């Protein structure tokens, strides 16, 4: 197939937004072009775009596999991307802490949990590949100096406790050590460098990229565009598109600018777009996940999200209109987000539900102090005080607490079938800590299709696009309808490492 055909046929992507009646005004489109006759400004061995979990892991692995000239390009002024502000939660089966705590787990079990959340459309081969290599990725973070809380967490949809969390309770506890390790290994890091398109060879292979220097996000761009040749290929680790309101509304019109978002501002999807125009297969773009642990009382991911994630297993979520529970507090994310969005007052207006936890249990997580300090959570000495503050009917609430505590005692939740393992001995009793819950756009399950070698598949030939690899949230179809919490970091890192291994073998 000629290169003219390759680039000429890619214009279908331009119609994506218009088809849904949405103007795709921002961000500005990158444009790929033929490399014939190009004067290269620079040549590198391994070229990685994006400095989150996937990009950093790819750089370290490429270096370990013998690469001498590895370059990471990041469009923002800071490194780490959206990864730096995520929850710092890492799931893996068969970890040292599971062995220490006597938790029986396996690759099969982790994959089964994820397939259930994926509701029949997740990619089992990719989920299995990630689960099989998750401990390797976790060990890379240990090697880099990441520190974790000395306990495991059981997040929604997981059948056992398999989740580590950084001591700083955010992704920076991983991205910062990985970035430090990259620099120690001699990886070249460039910030304020924006991807402007691929440079494509005669057979449609990716041979390089255009990168704008001195890029300032959201401003007019005076920086020079460099044409950089990539000897071994390009790894796209550019993340999701949750901050691109036009694009997410084209997929799901309910996700307007009024819906909050936990992502960093740079999560706008240009890299994904350009891979589509090159022929990559779009998968599951309409499956955009909202986090059920978020709070309407703070911006972004905030303090409540990690507080809630930790406390859900031993807490009650209450509909303020009825005073009763309305969901399994550790169901998968979509189940819980949908249940929360159904909490309405008698006029149909949003009525954010509340999460009630005993203070003695909640205070074991460091965010509890911050939640109370910054007035995004509250402490109450009695159930009467709590009910009055949130205008919850007192009698049903008291009855619900009594009923829930009987489940804690028996180990069986007869209301919603919640796994009560982590609730054992943790009764709901005063004093209480309470936060409000309301979902925020958090993660895009959709993106480009890859195989277990992290190669990007071509929609017209069914083959891999030579010289092009992708890892992390920019990829689609892995998780299906709903991604389980703490499965993003292992996916990003494992597929970043996989991309580097594939590239170094090619």
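The values are calculated or read from the model by the stated rules, or taken from the named source; none is laboratory data. Fair warning: this is a prediction, and the values are worked out from it, not measured in the lab. With ideal geometry, Cβ positions are generated from the backbone for all residues, glycine too; neighbour counts draw on all protein chains shown.
Brief remarks follow.
- Filter result for residue 247 (surrounded by fewer than 21 Cβ atoms within 10 Å (Cβ to Cβ) and either assigned to a loop (DSSP other than H, G, I, E, B) or assigned by TED's automatic domain parsing to the domain that holds residue 474 (or both)): no
- Search result, residues across the stretch 190-202 that are in contact with a strand residue (DSSP E or B) (Cβ under 7 Å, 6 or more places away or on another chain) and assigned to a loop (DSSP other than H, G, I, E, B): 193, 201
- The stretch 443-462, residues that are in contact with a helix residue (DSSP H, G or I) (Cβ under 8 Å, 6 or more places away or on another chain) and either outside the structural domain of residue 114 (by TED's automatic domain parsing) or buried (at least 23 other Cβ atoms within 10 Å of the Cβ) (or both): 443, 444, 446, 447, 448, 450, 454, 455, 456
- Scanning the stretch 192-199 for residues that are on the phi > 0 side of the Ramachandran plot, in contact (Cβ under 8 Å) with a residue 24 or more places away in the chain and surrounded by fewer than 24 Cβ atoms within 10 Å (Cβ to Cβ) turns up at least one hit.
To keep it simple, each residue is scored yes or no on (1) at pLDDT 95 or above; (2) crowded, with 24+ Cβ neighbours inside 10 Å; (3) at negative phi; (4) not assigned by TED's automatic domain parsing to the domain that holds residue 161.
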| position | (1), (2), (3), (4) |
| --- | --- |
| 304 | yes, yes, yes, yes |
| 307 | yes, yes, yes, yes |
| 312 | yes, yes, yes, yes |
| 324 | yes, no, yes, yes |
| 334 | no, no, yes, yes |
| 343 | yes, no, yes, yes |
| 348 | no, no, no, yes |
| 351 | yes, no, yes, yes |
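- Summed over the stretch 113-136, the residues that are out of contact with any strand residue (DSSP E or B) (no Cβ under 8 Å at 6 or more places or on another chain), within 21 Å of residue 476 (Cα to Cα), in contact (Cβ under 8 Å) with a residue 40 or more places away in the chain and assigned to a helix (DSSP H, G or I) give a count of 12.
- Any hit, the stretch 141-155, residues being under 27 Å from residue 267 (Cβ atoms), modelled with pLDDT of 95 or more and assigned to a helix (DSSP H, G or I): yes
- Test for residue 241: is it under 30 Å from residue 121 (Cβ atoms) and not in a loop (DSSP other than H, G, I, E, B): no
- Close pairs (9 angstrom Cβ cut-off, 6 or more residues apart or separate chains): on the phi > 0 side of the Ramachandran plot in the stretch 464-485, surrounded by fewer than 24 Cβ atoms within 10 Å (Cβ to Cβ) and at pLDDT below 95 anywhere: 467/506
- Residue among 489, 478, 465 that alone is part of a helix (DSSP H, G or I), surrounded by 24 or more Cβ atoms within 10 Å (Cβ to Cβ), in contact with a helix residue (DSSP H, G or I) (Cβ under 9 Å, 6 or more places away or on another chain) and at pLDDT 95 or above: 489
- Odd one out for residue 292 among (1) under 17 Å from the mean Cα position of the chain (by Cα); (2) on the phi > 0 side of the Ramachandran plot: (2)
- Of the helices (runs of 4 or more DSSP H) that lie entirely inside the stretch 3-112, those containing 2 or more residues that are assigned by TED's automatic domain parsing to the domain that holds residue 265 and at pLDDT 95 or above span 53-64, 96-101.
- Hey, residue 158 in the same structural domain as residue 449 (by TED's automatic domain parsing), more than 26 Å from residue 316 (Cα to Cα) and modelled with pLDDT of 95 or more or not: no
Yes/no matrix, rows are residues, columns are (1) assigned by TED's automatic domain parsing to the domain that holds residue 332; (2) buried (at least 19 other Cβ atoms within 10 Å of the Cβ); (3) under 30 Å from residue 164 (Cβ atoms):
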| residue | (1), (2), (3) |
| --- | --- |
| 391 | yes, no, no |
| 404 | yes, yes, yes |
| 413 | yes, yes, yes |
| 473 | no, yes, yes |
| 483 | no, yes, yes |
| 493 | no, yes, yes |
| 496 | no, yes, yes |
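- Given (1) over 32 Å from the mean Cα position of the chain (by Cα); (2) over 21 Å from residue 323 (Cβ atoms), index of the condition residue 380 fails: (2)
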